[in-house]
Every structure is written in C-alpha cells, then in structure tokens.
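Report on the following structure.
The values are calculated or read from the model by the stated rules, or taken from the named source; none is laboratory data. Keep in mind the model is a prediction, meaning the values are calculated, not measured. Counting neighbours? That spans all protein chains shown, and the Cβs are built from the backbone with ideal geometry, glycine included. Surface areas here come from the heavy atoms of the whole protein model, side chains and all, with no ligands, DNA or RNA. Shrake-Rupley method; radii C 1.70, N 1.55, O 1.52, S 1.80 Å.
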Amino acid sequence: QTVRIEFIKTGPIIEAGTIAPRVIARATSVSETDSTLMVIHMDAPWQLTLLRPTCEVTTPNITVDLGQISMADFDATGQTRPIDFGINLDCIGGTDTTNVHVTLTDANNPSNTTSQLSLAPGSEAQGIALEVNNRNGLVTFGPDLSGIGNPGQWLDGAAAAGNYSIPLSVNYVRRPGPIKGGTANSGVTYT
C-alpha cells in the first residue's frame, strides 16, 4: 500500500533538526475472513532543513509623536511633514528568505479601507486625518486578517535570518471643510 506522510506546522519553527526513527502509524484492515495489522515505521532518521526563516515582531507597541502643528505646517497639498517610524522583526532559521506581507488596520474603524486614518474618539481636532506611507507610497488600510491577499496588504520585501525593518511614516492631512484645533490621536494595528 502507498502511504503519504504530511508535516503540519503547529507552532513556531525555530530550527532544523532530525526526527528519530519511530512508529508513525498503526492500522488494522478487517475483512470477512481475516484481519491484517499494518505498522508504518521509519527505517532511518529524517533530516529536516528549514528553507525559510520565521519572523517575530520586536516592536509590538509603537508610539509616534507628531508634535504640535499649526495651520502653517500644512503644505500646498494639505499635508504636514511626515514623521518616520518602523516595525522591526527578528527572523531566525532557514537558509533562504521569506516574504514579508503587511496589513495596517484602523484601530478606531477596523472596516476602513481608505488611505485616511480616522481620529480616535475623544480627539478634539476636526477636519484632519492621518496618512501612513510605506516604502512604496500611500498605505490603504485593511482588515486585521492573517494570510496572503488581504485587502490593503502589501509585500514589503524578503527577509533573511536576522533583523528586518518595515519603514513607515505618518503625517496629518486636511479634509474638506472647516478645520478645528485640539488633540488629534489615532491608532493602527498591524498584521
């Protein structure tokens, strides 16, 4: 009989290694006249090699202070000077690279799929929003989902074992209509 064996990832894979010989499965085949016991075992150790590293976020919480701004700080396009920040990863294992896909989600409005981040409840300012840029340009927000191909998701690059940084910047942007000063806070989650 042909037997197919699959490896299923059940948690973080930290390093390659060897799986010692062992019994993999036992089965009994029963017919009207007899029964057969089948034992599937490994004849030799299996050597597992990791091709892609696994990455863990080393900056789970990031605070970005945009400082105090005035109307004069908005340029002709209605934007303020961007402030840089980044999401840092520590990638381990593997001999190749792994693609880093990122989704930013509006913490105050998770269904927001625009490029403007809404202000948090309790913010006093009106007539402004925030925009986030990645290395490719303006970020469109998307739902907080894992997996490839989510709305708003982008491929940031390929990470090898070691440190990897996802460079971002944030700025205020004017919205149509009147503007009012005051506190202007917001937040994103990232996947």
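Data for the structure
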item	result
Percent carbon-and-sulfur accessible area, the chain, ignoring ligands, DNA and RNA, probe 1.4 Å	51 percent
Charged-residue dipole, Cβ positions (Lys, Arg, Asp, Glu), segment 76-155 about Cα centre, Debye nearest 20	180 debye
Fully extended contour minus Cα-Cα distance, from VAL30 to VAL3, at 0.36 nm per residue	7.9 nm
Debye, to nearest 20: dipole size of the chain, +1 on Lys, Arg Cβ, -1 on Asp, Glu Cβ	200 debye
Largest to smallest principal axis extent of the C-alpha atoms in the chain, angstrom	88, 39, 24
Dipole of the chain, positive direction: furthest Cα of PRO167, ILE92, THR2, with charges on the beta-carbon	PRO167
Relative contact order (%) - criterion: Cα under 8 Å, at least six apart; region: the chain	24 percent
Accessible surface, the chain, averaged per residue in Å² (probe 1.4 Å)	65 Å²
